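Down below is the structure, laid out as C-alpha cells.
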Amino acid sequence: MNRLLLAFLLLHPALVHAQMVLLDRQADGESPGVNVLRGSYGMAVSPDGLNVYASGSLDNGLVVFSLDPGSGTLAPLQELIDGQNGITSLAGVRDAAVSPDGLHVYSAALSDSAVSVFARAPGSGTLTLVQAIFDLNTGGSFDGLGGAMSVLVSPDGAHVYVGARSDDAVVAFARDSGSGMLTLIAVYQNMVPPVVGLDAPESIVISPDGNHLYAAAETSQALVGFTRNPATGALSYLNTWFDGVGGVDGLGCVNDLEISPDGKHVYAVGQFGAPSQPFCTVGFDDWMGIFSRNTSSGELSFVAAPNPDDFGLPINCGGVAGDNGVAVAPDNGRVYATVQWLAALVEMDRDSTSGLLNLRSFQCADLSDPDTVVDLISAHEISIASSGSPVLVSALSPGTVLSYEPVLHVDGFETLTPLLPGR
C-alpha cells in the first residue's frame, strides 16, 4: 500500500472500516421455494447450526431452511402456513426458538395470541405440529398470551417463556422434554404488584446461567428484570430500569435486548431516527443502551448509550426508523446490531470488561448504488449459532434472510473507531 495513503488512513480510521461480506440471500417470491416470508421479524438457528427457522408475519407462515455452516448457504426445506394442514396458530407469527436439545421448535404468534409447539426431525430439521396454546380471547383457557411477540427456552430446557405485548405480560410454562408439550406455570403482568414497567414487552431474554429473565418493554421504555427459580420455572420480580430515570439512557422505544454469553452485560436497542409507530412517539433519539450486569443478583447498571451518528457511515446509507435487533457473538468478542435509520448492519468489537464497543465493519443499503441490498432498510433479527458460523439477519421487506461472512477481510490492517460512551 502507498505509504502516503497508509498514513492518511491511519489518521482517518473511520475510512478503513470493512464492509461485511454477503454470502447468501433468500427472499420471498424471489428465491425458489420461499413464498411465506413477508414480514420476516423473528428467527432462530438450531443448536447444531444446520437449520434456520424464520417467521413470515405478513404471510402467517414459518419457513424452515437448511444452513451450510461453512459456506453460509441457505436452502428452503418446508413452509408451515396458518390455516393449512391443521395449523391454526401462526397468524402474525413473530418469533421462534429452538430447545437446547434440538428436539422442538416454539413459535409466538401476535395475531393468534398463541404459542405453537413443533417436533423437529433429527435429520432434516423439518417440523410437525405437536401443540397449540391460545390466549383466552382467541379460544384458550387463560389470559396472558394476547399479542404474543417473543418466545425463549431456558438453557436447561425445562421451561418456556413468552412475552405478550397486548397483555403486557410474561408467561411461564413447564416443558416436557420428551414431547415438548407445555403446561402453564404463571402469568406475570404489568401493574399486578409488584411488577411495573412491563407495558408492551417486545422481547425477552434469559441469562446464560438461567437465573434471571429480562424483558424489553417498548411503551414503558424500560427493561424489567425477574429472578428465575430453576427448579420450578417461576419468576420473581427483581427491578425495572426506566429510560431517563437514575441516569439510565438508551431505552427510548426499546424493542430488543441480548445478554453477552459471559453474562456480564446487557445490550438493548430500539427505534432510532424518527417516530414511525403511534405507540412510540418519544424516545426515538435512542438506539442502544449498554448495561453491566451483576451475575449474582441480576441487577443492572447503566454504562453507555452509543449514538450511530458517530459511525461515519457513507452519506448515501439511509432508511427509515423501525425496530432494531442486537446479538452478541458466542465468543463474547463481537456485538452485531441493525440501524434501520441508516439501513445498516454493524459489527462491533466488545470490551469484555467495560462492555463498550468499537465499530469494526458494516454493511448498508447505499441508495446511490443500483446493486445495493435494500433489505437492510427493514433488517431486524440477528442470529449466530456458534463462533465462526454465519451471521444471519432477517428483514421485513420484501421478506428475506441474509447470511453474512463472520470473518473480516481487510487489506493488511484494521483500525477501530471507538463509539462514544454516551451523549
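Every number here is computed from the coordinates shown, using simple stated rules; none is lab data. Source: prediction; values computed, not measured. In this analysis, Cβ positions are derived from the backbone assuming ideal geometry, glycine residues included, and neighbour counts consider all displayed protein chains.
What order do you get for 358-369, 373-384, 232-243 when each peptide is scored by the mean count of other beta carbon atoms within 10 Å, highest first? It would help to have the intermediate numbers written out before the result.
Numbers: 358-369: 20.0, 373-384: 23.6, 232-243: 18.3.
The most tightly packed comes first, giving 373-384, 358-369, 232-243.
Pairs of Cα atoms under 8 Å, at least six residues apart: use those to get the relative contact order of the stretch 19-418, whole percent.
On the way: 1255 pairs, mean separation 51.7, N = 400.
RCO, the stretch 19-418: 13 percent.
For every other residue with a beta carbon closer than 12 angstrom to the beta carbon of Ala327, add +1 if it is Lys or Arg and -1 if Asp or Glu, then tell me the sum. Write out the running numbers ahead of the final one.
Details: positive: Arg334, Arg350; negative: Asp256, Glu258, Glu347, Glu381.
My count for the surroundings of Ala327 gives -2.
What are the extents of the Cα atoms of the stretch 42-199 along their three principal axes, listed from largest to smallest and rounded to whole Å?
50, 33, 27
Between the stretch 205-230 and the stretch 326-348, how far is it from one alpha carbon centroid to the other, in angstrom?
The stretch 205-230 and the stretch 326-348 have Cα centres spaced 21 Å from each other.
How high is the relative contact order of the stretch 320-376? Use alpha-carbon pairs under 8 Å, at least six apart in sequence, and give a whole percent. Kindly include the intermediate steps, with their values, before the conclusion.
Details: 104 pairs, mean separation 14.2, N = 57.
Relative contact order for the stretch 320-376 comes out at 25 percent.
Sort Ser207, Ser107, Ser177, Ser389 so the one with the fewest other Cβ atoms within 10 Å of its own Cβ comes first.
Working: Ser207 22, Ser107 28, Ser177 14, Ser389 19.
Ordered by Cβ neighbours within 10 Å, fewest first: Ser177, Ser389, Ser207, Ser107.
Taking every eigenvalue of the Cα gyration tensor of the stretch 19-418, multiplying by 5 and rooting it, what semi-axes result, largest first, whole Å? Mind dumping the intermediate values first?
Details: eigenvalues 165, 132, 76 Å².
That gives 29, 26, 19 Å for the three semi-axes.
Would you mind counting up the charge near Val98? Only other residues with Cβ under 15 Å from its Cβ, with Lys and Arg at +1 and Asp and Glu at -1. List each step's numbers first, then the result.
On the way: positive: Arg120, Arg175; negative: Asp48, Asp95, Asp101, Asp156, Glu381.
For residues surrounding Val98, the net value is -3.
Based solely on its DSSP helices, what 222 nm [θ] is calculated for the chain when runs of n ≥ 4 H residues each add -39,500 (n - 2.57) and the sum is averaged over all residues, nearest 500 deg cm²/dmol?
Working: 1 runs with 9 residues, N = 423.
Counting only the DSSP helices, I get -500 deg cm²/dmol.
Around Leu74, what is the net charge, scoring Lys/Arg as +1 and Asp/Glu as -1 over all other residues with Cβ under 12 Å from its Cβ? Numbers along the way, then the final one.
Values: positive: Arg25; negative: Asp24, Asp68.
That sum, taken over residues with Cβ under 12 Å, equals -1.
Where the centre of each part is set by its Cα atoms, how far does the stretch 22-88 sit from the stretch 349-368, in angstrom?
Cα centres, the stretch 22-88 to the stretch 349-368: 27 Å.
Given the peptides 73-80, 86-93, arrange them by the average over their residues of other C-beta atoms within 10 Å, most packed first. Intermediate values should be presented prior to the final figure.
Details: 73-80: 19.1, 86-93: 21.2.
In descending order of packing, they fall as 86-93, 73-80.
Limiting things to C-alpha atoms, what are the Rg and the maximum Cα-Cα separation (Dmax) for the stretch 148-219, in angstroms?
Spelled out, the Cα radius of gyration and Dmax of the stretch 148-219 are 12.0, 38 Å.
Using the per-residue mean of other Cβ atoms lying within 10 Å as a proxy for protection, in what order, highest first, do the peptides 27-34, 394-401 fall? It would help to have the intermediate numbers written out before the result.
Values: 27-34: 16.2, 394-401: 24.8.
Going by the mean number of other Cβ atoms within 10 Å, highest first, we get 394-401, 27-34.
Quick one: Karplus J couplings for the stretch 381-389, per residue in order, coefficients 6.51, -1.76, 1.60, θ = phi - 60°, nearest Hz, x for Gly and Pro?
Going residue by residue, I get 6, 10, 9, 9, 6, 7, 4, x, 7 Hz, with x marking Gly and Pro.
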